[in-house]
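Novice: Here it is, the structure in full.
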Amino acid sequence: MSCQPQHENPVYIWLKNKQPCLLCGETTDTVHPLCTPCESELPWLGDQCSRCALPLPMAGLRCGQCAVQPPAYERVLAPWAYDFPVDSLITRFKHQAKWPLGRLLGELLAQSLQHHFNEGLERPDALIPVPLAARRLRQRGFNQAALLARWLSGSLQMPCEEHLLRRIHDTPAQQALDARARRRNLRHAFAMMPRAQVRDRHLALVDDVLTTGATAQTLARLLLDAGAARVDVYCLARTPKPGEAT
């Protein structure tokens, strides 16, 4: 007589389970809750600046800003332009706590990054989520960048160091500000945690969307000034210049 539980039927059912697409509701044909037609219609980022990932009309170019004044970070990796439906999915994840949507986007970002690693992109030593101000963290209940960094850490098998940076000033929200105001808004907003070890390390900042790059620039400069060897930026989406279509 065997005392082991009988798992054959439950395992069989689990392996054969099909899940609905989070966008259209149809049964998916992939390992993610996103069907192939919906995945193909996402606003995949095509030709872009080789430094900041700004959408450009041709591949292999740098945008005017990066050509004149290269940013502190080395490269931005983002799979999508900030356009429908990715913009809606990010908003629902970030402001309505729809974690399954964020997890789906995070897994697809991990796949995109792994492809770049397979093509020769240098793997960072650690993932660093962009910190959230304490008041905003209390209001929202979670830091979306930290969740993304944790999911990427698990999928890509690399460390996530959530407590290396901190936000010491609760500045106004960035969304309504132009590039100059964003930079001014972030002045002295961040600091290194005591005894943080960054010297000679390759680090990757993780966030949901890169708009002007002001936050990434501020944090990358902070890390480099503390001795980091290189800083990259991993995010879900990149916005175009104001007034330009994606």
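Just so it is clear, none of the values below were taken in a lab; they were calculated from the coordinates. Computed from a prediction, not measured in an experiment: that's the story for all the values here. So basically every Cβ, Gly included, is an ideal-geometry build from the backbone, and we count neighbours across all protein chains shown.
Novice: Which of the aspartates and glutamates could be linked to Lys241 by a straight reach, that is with a Cα gap under 12 Å, when you skip same-chain ones fewer than 8 residues away?
Specialist: Asp178
Novice: Still on this model: If packing is taken as the average number of other Cβ atoms within 10 Å across a peptide's residues, how do 79-91, 151-163 rank, most packed first?
Specialist: Highest-to-lowest ranking by the protection proxy: 79-91, 151-163.
Novice: Quickly rank 204-210, 23-29, 97-103 as a protection proxy: mean count of other C-beta atoms within 10 Å, highest first.
Specialist: 204-210, 97-103, 23-29
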